[in-house]
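Q: Pasting a structure here, questions to come.
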Amino acid sequence: VNIRSKMTTLLDLNQDCLNIIFSYLNIYELIDVEDTCAAFKIVCEDVYASKKYHSIKLELRHLKIEYVPRILEKLKSLRSFEFSGGYLMKETIKDDLVEGISTHCHKLSRLTINYMQFDKRLFDKLQSCFQNLIFLNLSNCSISDSSTGLHLDSNNLENLKELKLDGNASMSGAFFKDITDLEILDVSHCYGLRYYEFLQFLKNCKKRISLNV
């Protein structure tokens, strides 16, 4: 008698096995798999909360734009987020990115956004997630104090230890005098810095261990 054995499918595997398999998927694949059935959605939620997605890096050239809001909504356990953009980015992408970070990523301790131009509206919204940061990198973002209303001080950056603002040539650095607990600062290629305000920062910031100007 020829007995054909039943073919094993993914749905026959237990949740631990599925967790291991799904952990090899990238964030885009994971979101697609989540939409297939309720069982896979439960497993995907576990993977989103795992240490693998405590840190994520996205680049504009590889970005699937339609996924941006869902990525940041899913990764509520995110500790470190890095995004490399482009000066000609669509405003809708910027809106989705900043809205997602400020709304969902409350556990961030490290934030890097490079090559993305800010206006005051976007920068005000982004500052809402600064409170818990120990590392902030806004290099090459065409930041100027006037256009963004840039305000950084020890009240909204009380945990910050390292700040990178290199490549923002129009930034005057008027906010420096209000920062007192910073340890590492990079303002290289910031040609618009005001000397006397920066000198006041050097006097106030007693904990600094590294300075790149």
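Q: For the pairs Lys120/Lys206; Lys57/Lys177; Lys52/Lys207; Lys64/Lys107; Lys51/Lys120; Lys52/Lys206, flag any whose C-alpha to C-alpha distance is greater than 28 Å. Walk me through the intermediate numbers first.
A: Working: Lys120/Lys206 30 Å; Lys57/Lys177 32 Å; Lys52/Lys207 33 Å; Lys64/Lys107 24 Å; Lys51/Lys120 34 Å; Lys52/Lys206 36 Å.
As for pairs spanning more than 28 Å Cα to Cα, those are Lys120/Lys206; Lys57/Lys177; Lys52/Lys207; Lys51/Lys120; Lys52/Lys206.
Q: When the chain is fully extended, how far beyond the present Cα-Cα distance does Asn212 get from Leu10, taking 0.36 nm per residue of separation?
A: Full extension of this stretch gives 67.4 nm more.
Q: Give me the distance between the Cα centres of the stretch 62-103 and the stretch 161-209, rounded to whole Å.
A: Result: 27 Å between the Cα centres.
Q: State in Å² the accessible area per residue of the chain; use a 1.4 Å probe, count heavy atoms of protein chains only, and round to the nearest integer.
A: Ligands and nucleic acids excluded, the result is 54 Å² per residue.
Q: Residue by residue through the stretch 79-95, which ³J(HN,Hα) values in whole Hz follow from phi under the Karplus form 6.51 cos²θ - 1.76 cosθ + 1.60 (θ = phi - 60°), with glycine and proline marked x?
A: For the stretch 79-95, the Karplus-derived couplings read 9, 9, 10, 10, 9, 10, x, x, 5, 9, 4, 5, 5, 5, 5, 4, 4 Hz, x marking Gly and Pro.
Q: Note down the nm distance, to one decimal, between modelled labels 7 Å out along Cα→Cβ at Arg70 and at Lys203.
A: Those two pseudo-labels are separated by 5.5 nm.
Q: At a 1.4 Å probe radius, carbon and sulfur cover how many percent of the accessible area of the chain?
A: Carbon-and-sulfur percentage of accessible area, whole number: 53.
Q: Is the stretch 169-213 best put as rounded, prolate or oblate by its Cα gyration tensor, with a ≥ b ≥ c the root eigenvalues, rounded for a/c under 1.5, and otherwise prolate when a/b is larger than b/c, oblate when not?
A: Cα axes put the stretch 169-213 in the oblate bin.
Q: Search the structure for amide H atoms under 5 Å from the amide H of Phe83, placed 1.01 Å from N in the peptide plane, and list their residues when 5 or more places away or on another chain.
A: Hits under the 5 Å cutoff: Leu58, Thr112, Ile113, Asn114.
Q: Do you know the relative contact order of the stretch 88-213, to the nearest whole percent, from alpha carbon pairs under 8 angstrom that are 6+ apart? Could you put the intermediate results ahead of the total?
A: On the way: 254 pairs, mean separation 24.4, N = 126.
Worked out over the stretch 88-213, it gives 19 percent.
The values are calculated or read from the model by the stated rules, or taken from the named source; none is laboratory data. As the structure is a computational prediction, the values presented were derived from the model and not from experiment. So basically every Cβ, Gly included, is an ideal-geometry build from the backbone, and we count neighbours across all protein chains shown. The accessibility values were calculated without ligands, DNA or RNA, using every heavy atom of the protein model including side chains. Shrake-Rupley method; radii C 1.70, N 1.55, O 1.52, S 1.80 Å.
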